[in-house]
Amino acid sequence: MSSDENHGITLPALPYSKGALEPHIDEATMGFHHDFHHAGYTSKFLAAYKKLIAIDELKSLAEGGVESVVTDDALAKIAAHPDGKGLAGALRNNGGGWINHSLFWKNMKPNPDSAPNAPKKDSELAKAIDKDFESFDKFKTQFADAGGKRFGSGWVWLAKNAQGLKIYSTPNQDGPHNTPGETALLGLDVWEHAYYLKYQNKRPKYIDAWWNVVNWDDVEERFNNAQ
Ligand code: MN3
């Protein structure tokens, strides 16, 4: 398939091997998560996207790129079109799933020795976290709380907008991409498929372990690019 036919909606390769995040995130979970869940979101998003751009009155929504079709505004316009009712839901869930997981893999990196893991001291990101959350520890507590309180499936985000940094959670595959002006810096998948094999129903244990593998260089790069 050429890049024209898939509109850039492809399954990105993991930036490390499936077992590289052990012992924090297990190899089997990474395999299912990437090869089945993310692959499924990718193929279903592409199918829905192709249907969307075949509708004359709606195809202009894609002019800003594939991510522009999953803002809340675009999805409302799609849902209001007679041919777009089922399509809006498919785009929201699968487009969101494709975007969120593409970020999630890059947001992590191996840390087999569980070395201390935090943003670089004196980086602009570290200063912004201290400014908006008082301290890195308080940031982590607030972020983990948001993950623990998310009922059912969803995500926790550290996002940036014109006012600064904020933490929030979203249901299902929603995320900062739904809102223009919000930039996702760090996302945590709290769907059971992200942790159940290793941690069963113990989501807080998964979140505790996940802090070890956060790729703060990636978060910092997103923060600096969002200035
Ligand atoms: Mn997932």
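Considering every residue within the range 132-151, establish whether at least one is closer than 23 Å to TYR41 by Cβ and not in a helix (DSSP H, G or I).
Looking for residues that are closer than 23 Å to TYR41 by Cβ and not in a helix (DSSP H, G or I), one finds at least one in the range 132-151, hence yes.
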Close pairs from the range 170-199: first assigned to a helix (DSSP H, G or I) and of a type in the set (Phe, Trp, Tyr), partner within 14 Å of the ligand (Cβ to nearest atom) and modelled with pLDDT of 95 or more, Cβ under 6 Å, at least 6 apart: TYR199/TYR206
Selection count, the range 88-99, where residues are free of Cβ contacts under 8 Å to residues at least 40 places away in the same chain and out of contact with any Leu (no Cβ under 6 Å at 6 or more places or on another chain): 1
Search result, residues across the range 23-43 that are touching a residue at least 60 places away in the same chain (Cβ under 8 Å) and either among the hydrophobic types (A, V, I, L, M, F, W, C) or within 15 Å of VAL213 (Cβ to Cβ) (or both): PRO23, HIS24, ILE25, ASP26, ALA28, THR29, PHE32, HIS33, HIS34
Extreme residue, farthest from the chain's Cα centre (by Cα), among residues of the range 139-197 that are among the β-branched types (Val, Ile, Thr) and farther than 25 Å from ALA74 by Cα: THR141
Test for GLU67: is it part of a helix (DSSP H, G or I) and either under 28 Å from TRP211 (Cβ atoms) or not aliphatic (A, V, I, L, M) (or both): yes
Qualifying residue in the range 48-56 (condition: of a type in the set (Phe, Trp, Tyr) and either within 16 Å of the ligand (Cβ to nearest atom) or surrounded by fewer than 20 Cβ atoms within 10 Å (Cβ to Cβ) (or both)): no
Output for the range 164-190, where each listed residue is surrounded by fewer than 19 Cβ atoms within 10 Å (Cβ to Cβ) and within 15 Å of the ligand (Cβ to nearest atom): PRO171, ASN172
Members of the range 1-44 that are of a type in the set (Phe, Trp, Tyr) and either within 14 Å of the ligand (Cβ to nearest atom) or touching a Lys or Arg at 6+ places or on another chain (Cβ under 6 Å) (or both): PHE32, PHE36, TYR41
The range 83-103: number of residues that are surrounded by fewer than 18 Cβ atoms within 10 Å (Cβ to Cβ), in a helix (DSSP H, G or I) and not small (Gly, Ala, Ser): 1
Residue count for the range 83-133, restricted to those that are in contact with a Gly (Cβ under 6 Å, 6 or more places away or on another chain) and more than 16 Å from the ligand (Cβ to nearest atom): 1
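The values are calculated or read from the model by the stated rules, or taken from the named source; none is laboratory data. Only a predicted model underlies this, so the values are computations on that prediction, with no experimental measurement involved. Quick reminder, even Gly has a Cβ in these numbers, built from the backbone with ideal geometry, and neighbours come from all protein chains shown.
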